[in-house]
Every structure is written in structure tokens, then in C-alpha cells.
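Notes to accompany the following structure.
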Amino acid sequence: MPADGLNSPRVQGRRSGGDQKDASPFPDKYDMRGTRVLSIYKSRITEVPAQVFEEAREELVNVVQLQDNRLCEVPKDLHMLGELLTQLDLTKNQISYIPTNISQFSRLTCFNVSCNLLRDLPLEFGGLQLLCELDISFNRFERLPRCIFDLQNLELLLAHDNHIEDIDASETGLGALKNLRVLDLSNNDIRQVPPILGNMRNIVTLNLMGNPLRQPRHQILSAGTEAIMAFLRTRIPLSQ
């Protein structure tokens with residue numbers, strides 16, 4: 001796992017609203033110097049000026065936090081940090097699509113786009129081969145985008161509170177994610193869990209609560225991940 005995860009102290013600690021002296025929500029290069037963090041939090045911004053990203057590039061910024069704003073798209077000038085960016089947090093905005101050029105952020109390890117308006121991710125997203133942590137919770141997904149199954153280094157996938165209806169646990173689906181350790185699909189519209197999910201022994205935390213499931217029953221779900229996985233394995237046909 002990367003040293004600075006989605007909830008690390010370094011990341012969570014840089015959430016100032018900008019320079020209080022001029023009331024601008026945008027930090028200058030002196031704010032970013034030494035931390036390598038660009039943070040614009042809860043400032044109602046709808047876009048980020050190119051100059052901000054130019055200065056961020058000069059200061060070798062590798063963490064961008066734009067939580068709780070009014071962005072309708074990924075800032076178009078973010079590409080200036082393409083070779084630097086390792087963590088991107090776009091939580092609580094109004095983003096309805098991710099551009100295909102997301103693949104240029106090849107060093108990205110953590111991406112949080114929870115609490116937006118997303119229904120899908122582009123195929124190019126699967127090119128983020130260093131991505132370890134992905135949070136797409138509180139969006140409008142009706143299925144897990146297939147590009148996610150190409151993320152070979154993914155360890156944590158949070159997709160709770162969407163409208164996901166089924167789980168693909170095949171070898172071309174979730175089964176392809178051999179490093180996945182945490183999977184949260186709680187509060188979706190899943191009615192059935194494929195038994196072969198139980199064969200993903202790399203998963204140490206699985207949350208399926210809040211779905212209209214017939215099986216496993218609530219008693220098993222509340223017993224924890226080991227109980228769920230063991231139950232699923234008992235349901236696998238002998239031919240598999």
C-alpha cells in the first residue's frame with residue numbers, strides 16, 4: 001500500500017480554505033512548497049485557474065485535494081501534473097464523467113471520486129496500473145465498470161451507496177484482482193452474490209450489508225468476512 005493513503009495524516013491535514021489574507025480560495029506556491037499538496041477544500045469553486053497548476057508543477061506537487069466544491073468536471077489543466085500526481089481527491093463535487101485522458105496520470109496510486117454523479121468510467125481508466133485505492137462510493141453506478149478489472153495492483157475498492165445490481169466475480173471480473181484486500185459493496189441493489197466470490201481468498205474485508213440479498217442471510221453477513229466467504233464456498237458447485 002502507498003505510504004500516504006486516502007485517510008493519511010499528511011493528506012487529511014492539508015485542508016485549508018486558502019490564503020486568508022486575500023480571501024482567495026487558491027493557494028500560492030508558498031503554501032504548496034514543502035508539502036507538495038494542492039488543497040482547495042469547501043470553497044465552492046467551479047474551476048481551477050491554469051496558473052494554480054503551473055505553480056503546483058513548479059513545486060512538484062503530487063497530491064491534489066479538491067473536496068467539497070462545485071466542480072462539474074475534472075479540471076482541464078490538471079494534466080500539467082500528469083507525471084507527478086500520485087493522489088487525487090475529488091470528493092463531494094458534481095462530476096458526471098471522467099475524461100479519457102485520465103490514463104496520463106500513470107503514477108496515480110489513490111483516487112477518491114466519491115459523492116459525485118458518475119455512472120461509468122472510461123476504458124482508459126484501466127491503464128492506471130499503479131492504482132491501489134479507489135473510492136467510487138455515493139455515485140450512480142449500476143454496475144462496476146469493466147475497466148476496474150484491469151487494475152492489477154488494486155487493493156481497496158469502495159463502491160458502496162450506488163445502484164449496483166450484480167457482481168461479476170469471474171476471472172475476467174473481480175477474480176482478476178489478485179491483490180484486492182478490501183471490497184465494500186454495501187447499500188446497493190445486489191440481490192445475489194456469486195458463490196465463486198468465496199474463492200477470492202485475498203479479500204480480508206468484505207461488506208455486503210444493506211443489499212436486498214436472499215443469500216447470504218443477515219446473520220452470516222453480520223458475522224464478518226470469514227463467515228461470508230466460508231458460506232459462499234459451500235455454495236460452489238462441485239464442477240467449479
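The values are calculated or read from the model by the stated rules, or taken from the named source; none is laboratory data. This is a predicted model, so every value here is computed, not measured. Glycine also receives a Cβ, built like all others from the backbone with ideal geometry; neighbour counts cover every protein chain displayed. For accessibility, only protein heavy atoms count, side chains too; no ligands or nucleic acids. Shrake-Rupley method; radii C 1.70, N 1.55, O 1.52, S 1.80 Å.
Can you pull out every residue in the stretch 50-75 that is outside any loop (DSSP other than H, G, I, E, B), under 17 Å from LEU108 (Cα atoms) and open to solvent by 40 Å² or more (accessible area, probe 1.4 Å)? Walk me through how you get there before you give the answer.
Residues of the stretch 50-75 that are outside any loop (DSSP other than H, G, I, E, B), as a first pass: 50-58, 63-65.
After this cut, where a residue has to be under 17 Å from LEU108 (Cα atoms) as well, the list is 53, 56-57, 63-65.
Across the stretch 50-75, the qualifying residue is only ARG57.
Scan the stretch 114-156 residue by residue and report those that are among the polar types (S, T, N, Q) and open to solvent by 20 Å² or more (accessible area, probe 1.4 Å).
Across the stretch 114-156, the qualifying residues are GLN129, GLN152, ASN153.
Could you please tell me which pairs satisfy a Cβ distance under 7 Å, a separation of 6+ or placement on different chains, a first residue in the stretch 209-221 that is touching a residue at least 12 places away in the same chain (Cβ under 8 Å), and a second residue that is surrounded by 13 or more Cβ atoms within 10 Å (Cβ to Cβ) and in a helix (DSSP H, G or I)?
Listed by first residue and then by second, the contacts come to MET209/LEU221; PRO216/ILE228; PRO216/PHE231; LEU221/ILE228.
Test GLU47 against the criterion of being of a type in the set (Asp, Glu), modelled with pLDDT of 95 or more, in a loop (DSSP other than H, G, I, E, B) and surrounded by fewer than 20 Cβ atoms within 10 Å (Cβ to Cβ), and give yes or no. Even if it seems obvious, please write down each step before you answer.
Details: of a type in the set (Asp, Glu): yes; modelled with pLDDT of 95 or more: yes; in a loop (DSSP other than H, G, I, E, B): yes; surrounded by fewer than 20 Cβ atoms within 10 Å (Cβ to Cβ): yes.
Here the answer is yes, as GLU47 does meet what is asked.
Out of ILE228, ILE190, I need the residue that is open to solvent by less than 10 Å² (accessible area, probe 1.4 Å) and under 22 Å from ILE136 (Cα atoms). Which one?
ILE190 is the lone residue from the list that is open to solvent by less than 10 Å² (accessible area, probe 1.4 Å) and under 22 Å from ILE136 (Cα atoms).
Could you go through the stretch 108-120 and let me know if any residue there is of a type outside the set (Gly, Ala, Ser), free of Cβ contacts under 8 Å to residues at least 24 places away in the same chain and within 15 Å of VAL37 (Cα to Cα).
Checked against the condition, which is being of a type outside the set (Gly, Ala, Ser), free of Cβ contacts under 8 Å to residues at least 24 places away in the same chain and within 15 Å of VAL37 (Cα to Cα), the stretch 108-120 yields at least one hit.
Going by the structure shown, is THR100 in contact with a helix residue (DSSP H, G or I) (Cβ under 8 Å, 6 or more places away or on another chain) and surrounded by fewer than 18 Cβ atoms within 10 Å (Cβ to Cβ)? Step through it out loud before you land on a result.
Values: in contact with a helix residue (DSSP H, G or I) (Cβ under 8 Å, 6 or more places away or on another chain): yes; surrounded by fewer than 18 Cβ atoms within 10 Å (Cβ to Cβ): yes.
For THR100, the condition - in contact with a helix residue (DSSP H, G or I) (Cβ under 8 Å, 6 or more places away or on another chain) and surrounded by fewer than 18 Cβ atoms within 10 Å (Cβ to Cβ) - is met.
Do you know which residues across the stretch 193-203 are farther than 13 Å from LEU157 by Cβ and surrounded by fewer than 17 Cβ atoms within 10 Å (Cβ to Cβ)?
ARG201, the sole residue that qualifies.
Working only within the stretch 91-117, note down all residues that are within 16 Å of LEU134 (Cβ to Cβ), assigned to a loop (DSSP other than H, G, I, E, B) and small (Gly, Ala, Ser).
Residues satisfying the conditions are SER106, SER114.
Would you confirm, using the coordinates I've provided, whether ARG191 is more than 23 Å from the chain's Cα centre (by Cα) and in contact (Cβ under 8 Å) with a residue 24 or more places away in the chain? Let's see the steps before the verdict.
Values: more than 23 Å from the chain's Cα centre (by Cα): yes; in contact (Cβ under 8 Å) with a residue 24 or more places away in the chain: yes.
For ARG191, the condition - more than 23 Å from the chain's Cα centre (by Cα) and in contact (Cβ under 8 Å) with a residue 24 or more places away in the chain - is met.
What are the pairs with Cβ atoms under 8 angstrom where one residue, in the stretch 64-80, is within 12 Å of ILE95 (Cα to Cα) and the other, located anywhere, is assigned to a helix (DSSP H, G or I) and not aliphatic (A, V, I, L, M)? Sequence gap at least six, or different chains.
The qualifying pairs are PRO75/PHE53.
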